[in-house]
Amino acid sequence: MKANFDDVLTRVTEFLRSEAKTETVIGKEFKLGEFTCVPVIRIGMGFGYGGGEGGDAKQGRGEGAGAGAGMGVEPIGFLVTKGAEISFVQAHHSKGLAMAFEKVPDLIEKYLEKQAAEGKAMV
C-alpha cells in the first residue's frame with residue numbers, strides 16, 4: 001500500500017492553519033464606541049485513516065484504504081476591552097434541556113471514574 005498518510009495530514013493541517021481563523025469565520029476585531037471587541041471561536045476536528053491488504057489462493061490479493069475527517073467551527077463569544085478592563089461576553093447561553101445535554105459527557109465521565117474507583121468493570 002503506497003498511501004502516504006503523513007503527506008495528507010500535513011496538507012490538511014496547512015489548510016486548517018490558513019483557513020480556520022476567527023477572521024475567516026466571523027471577522028476581525030472591531031471597535032464599538034469605547035470598546036474593542038475580539039471574536040472568539042471554538043474549533044473541533046477529528047481524523048481517521050485505515051488500510052489493509054491480504055488475500056488467499058482462491059480470491060487472489062487485494063488492498064484497500066480509507067480516510068475521513070471532520071471539522072466544526074462555532075463562534076462562542078467576544079473578548080471585550082475598555083481601557084485596562086477586559087471581559088468575555090458569550091455569544092449564546094444554554095437553557096433548559098440544551099443545558100442538561102451539555103452536562104451529559106461530564107456526568108458519564110464522573111460515573112465511569114466512580115466505577116473504576118470502586119473496582120467495578122463496565123460490561
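The values are calculated or read from the model by the stated rules, or taken from the named source; none is laboratory data. Since we're looking at a predicted model, the values are computed, not measured. Positions of Cβ are generated from backbone atoms using ideal geometry, with glycine treated the same way; all protein chains shown enter the neighbour counts.
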Quick check, is Gly46 assigned to a strand (DSSP E or B), modelled with pLDDT of 85 or more and either closer than 30 Å to Asp6 by Cβ or in contact with a Pro (Cβ under 7 Å, 6 or more places away or on another chain) (or both)? no
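Just to be sure I understand, how many residues within region 72-86 are charged (D, E, K, R) and modelled with pLDDT of 85 or more?
2
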When Gly60 is run through (1) touching a strand residue (DSSP E or B) at 6+ places or on another chain (Cβ under 9 Å); (2) loosely packed, with under 12 Cβ neighbours inside 10 Å; (3) at pLDDT 85 or above, the failure sits at (1)
Here is a list: Lys21, Lys2. Which entry is exposed (fewer than 14 other Cβ atoms within 10 Å of the Cβ) and modelled with pLDDT under 75? Lys2
